[in-house]
Amino acid sequence: MPGKNISKAAPLSPDEVALREELRADVQTLAGEIGERNMWRYPQLNAAADFIENSFTRAGLRPRRDSYEMHGQACYNIEAEILGAQATAVSEPPPIILIGAHYDSVFGSPGANDNGSGVAALLALARRFAGKTAQHRVRFVAFVNEEPPYFLSDEMGSFVYAGRCKTRGDRIDAMISLETIGYFSDAPHSQTYPAPGLGILYPKVGNFIGFVSNVHSRALLRRVVALFRKHAKIPSEGAALSDQWSFWRHGYPGIMITDTAPFRYPHYHSSTDTPDKLDYDRFTLVVSAMEKVIGDLVGL
């Protein structure tokens, strides 16, 4: 991967300390107060949607609910967009950088890391870009129904959303999925991989953040990793599946940012995925660097 990697995380700046507490508070709201949120906990799923919508609104954005029906009940993807300043021909759609995270949790889990961490990062980034004018549009989207039994199906909220983007002719130049990004470990052999041979190529210690793409999105992956390593104070590795899969299926380039979830996190998809399990300092360093990466991508 391009760019110079670092070997360990650095201390937080004063601004990052404030960001850490913001992330901690949002994870606590989602996983500590609302808790398990999915179609089996439909009131809690809607409470999470309300929280996200209200957070966008308080940031000065104008959120929009993109709804579809599941089992006779309305489900909501929630988007907020910041328009870009770059002019395009009337016949050409404007380029969009889309940042997404799913807000549902798996059955039986409060979902602090999966994916309260991704949603907290999404909201923090939206707050920091609100009121700014970039060259390109940046769109923040919270997706519903990523977890089983909807995972990798046309009932995933992100799949429905990406299909509607394609139908409208939206020009999404990059989709970045924030997926389970809050757990890190310095313990030996704390990192595993889906294929045994990958342990030869990649670290055996889970102290880094990972970037994942498909072949079609490799150029985007290399660009984002290079920018991340330019700004980051935490190690990274770039090589998979989450909401970016839905955008791949519709022909859009997409990457996932992840702590690798089940290959590192011992509380993955369990009742013990609670807010106290996250490493908020290193989680903060990831979000802080991604703010700068996105700023570079959208032309700030």
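The values are calculated or read from the model by the stated rules, or taken from the named source; none is laboratory data. Worth saying up front: this structure is predicted, and the values here are computed from it rather than measured. So basically every Cβ, Gly included, is an ideal-geometry build from the backbone, and we count neighbours across all protein chains shown.
Restricted to region 181-225, and to residues that are under 18 Å from L285 (Cβ atoms) and aromatic (F, W, Y), which residue is nearest to the chain's Cα centre (by Cα)?
Out of the qualifying residues, it is F211.
So is N46 out of contact with any Asp or Glu (no Cβ under 9 Å at 6 or more places or on another chain) and either of a type in the set (S, T, N, Q) or at pLDDT 95 or above (or both) or not? Write out each step before concluding.
Details: out of contact with any Asp or Glu (no Cβ under 9 Å at 6 or more places or on another chain): yes; either of a type in the set (S, T, N, Q) or at pLDDT 95 or above (or both): yes.
It is true that N46 is out of contact with any Asp or Glu (no Cβ under 9 Å at 6 or more places or on another chain) and either of a type in the set (S, T, N, Q) or at pLDDT 95 or above (or both).
With the requirement that a residue be surrounded by 21 or more Cβ atoms within 10 Å (Cβ to Cβ), in a loop (DSSP other than H, G, I, E, B) and either in contact with a Pro (Cβ under 6 Å, 6 or more places away or on another chain) or modelled with pLDDT of 95 or more (or both), what does region 207-251 give you?
Hits for region 207-251 are F208, A232, I234.
Are any residues in region 166-193 crowded, with 22+ Cβ neighbours inside 10 Å and of a type outside the set (G, A, S), and if so, which ones?
Within region 166-193, M175, I176, L178, E179, T180, I181, Y183, F184, Q191 meet the criteria.
What strands (runs of 3 or more DSSP E) lie completely within region 1-102 and have 1 or more residues being closer than 28 Å to P275 by Cα and acidic (D, E)?
Hits in region 1-102: 73-82.
Which number in (1) among the polar types (S, T, N, Q); (2) surrounded by 17 or more Cβ atoms within 10 Å (Cβ to Cβ); (3) modelled with pLDDT of 95 or more; (4) touching an Asp or Glu at 6+ places or on another chain (Cβ under 9 Å) marks the one condition that S271 misses?
That leaves (2) as the condition not met.
Please work out if S7 is at pLDDT below 95 and at negative phi.
yes
State all residues of region 269-300 that are assigned to a loop (DSSP other than H, G, I, E, B) and touching a Lys or Arg at 6+ places or on another chain (Cβ under 7 Å); if no residue qualifies, say none.
L300
Any idea which of R164, R127, R139 is farther than 30 Å from G72 by Cβ and at pLDDT 95 or above?
Within the list R164, R127, R139, the selection yields R127.
What pairs come out if I take residues in region 1-21 that are within 22 Å of S185 (Cβ to Cβ) and pair them with residues that are aromatic (F, W, Y) and modelled with pLDDT of 95 or more whose C-beta lies under 7 Å away, six or more apart or interchain?
R20/Y280
Would it be correct to say that F151 is in a helix (DSSP H, G or I) and among the aromatic types (F, W, Y)?
In short, no.
Output the residues belonging to region 252-268 that are on the phi > 0 side of the Ramachandran plot and part of a helix (DSSP H, G or I).
Looking only at region 252-268, we keep the residues that are on the phi > 0 side of the Ramachandran plot, and these are 260-261.
Matches in region 252-268: A261 only.
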